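Following: one structure in structure tokens, then a few remarks.
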């Protein structure tokens, strides 16, 4: 009788320890995913901060292209105000398309393409685009790990008990041609 009670207590201890470990793993995965999203936001903010300088530099050479400038400014504003991951992805796709239009305008102005300020902004934007893509990959990897853990047995028991939920991937809209290609900032 005493050995049966010891076995039961040992099994109960193992189950409790597993539950604590599983819970802590979910907390860690959620926090890593939130941290990865913060990395994306930092890079997007850097991108948003570069855009007004870029627009103003191009404006000095191509003042009659106001429609393009308005589209870039509007896309930037929408991207900055996006709430959910899906809204951010859609707004980023629009911003990428608007920036491509801006660079297409810039190609028509050889003096602009030689302007040091424009070249530096172009280099910084290209660097930022690469960092945003790297941050997206890192975030999506963390989301994948979290979502897989939430779906797998027996972790799904802990996830549902403590209300851990799946998170959205930050994906580009594959139906839009502009979103399939990175912003081209080389001349």
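What follows draws every value from the coordinates through simple rules; no lab data is involved. Bear in mind that the values here come from a model prediction, so they are computed numbers and not experimental data. Cβ: placed from backbone, ideal geometry, glycine included. Neighbour counts: every protein chain shown.
Angle check, please: helix 85-107 long axis (alpha carbons) against the longest principal axis of the chain (alpha carbons), in degrees 0 to 90, nearest 10. Value to nearest ten degrees: 20.
Reported value for region 120-175: 90 Å³ per residue, from the convex hull of its C-alpha atoms. In the Gaussian network model of the chain, springs joining C-alpha atoms below 10 Å, which of 165, 96, 68 carries the largest mean-square fluctuation? Among 165, 96, 68, the largest mean-square fluctuation in the Gaussian network model of the chain belongs to 165. Comparing mean-square fluctuations of 129, 74, 65 from a GNM of the chain with C-alpha springs under 10 Å, the top value falls on 65. Once you have a ≥ b ≥ c as the square roots of the Cα gyration tensor eigenvalues for region 90-158, tell me rounded if a/c is under 1.5, and otherwise prolate or oblate according to whether a/b is larger than b/c. Verdict is prolate for region 90-158. Net length available on complete extension from residue 11 to residue 137 is 41.3 nm, with 0.36 nm assigned per residue and the Cα-Cα distance removed. Relative to the longest principal axis of the Cα atoms of the chain, the long axis of helix 66-81 lies at roughly 20 degrees.
How do 123, 136 rank when sorted from fewest to most other Cβ atoms within 10 Å of their own Cβ?
Neighbour counts put them in this order, fewest first: 123, 136.
Ordering of 78-91, 6-19, 148-161 by packing is 78-91, 148-161, 6-19, highest average first (other Cβ atoms within 10 Å, averaged per residue).
Please check: in the Gaussian network model of the chain (C-alpha springs, under 10 Å), which one of 39, 111, 49 has the largest mean-square fluctuation. In the Gaussian network model the winner is 111. Taking square-rooted eigenvalues a ≥ b ≥ c of the alpha carbon gyration tensor, is region 36-91 rounded, prolate or oblate, where a/c under 1.5 means rounded and, failing that, a/b exceeding b/c means prolate? Oblate.
Helix-only estimate, please: 222 nm mean residue ellipticity of the chain, summing -39500 (n - 2.57) across DSSP H runs of length 4 or more and dividing by its residues, to the nearest 500.
It comes out at -27500 deg cm²/dmol, rounded to the nearest 500.
The alpha carbon gyration tensor of region 1-148 gives principal lengths a ≥ b ≥ c with a/c of 1.5 or higher and a/b greater than b/c, which makes the shape prolate. Using the Cβ-Cβ distance between residue 120 and residue 86 with R0 set to 41 Å, the FRET efficiency works out to roughly 0.75. Here the extension length gained between residue 53 and residue 24 equals 6.0 nm, from 0.36 nm per residue of separation less the Cα-Cα distance.
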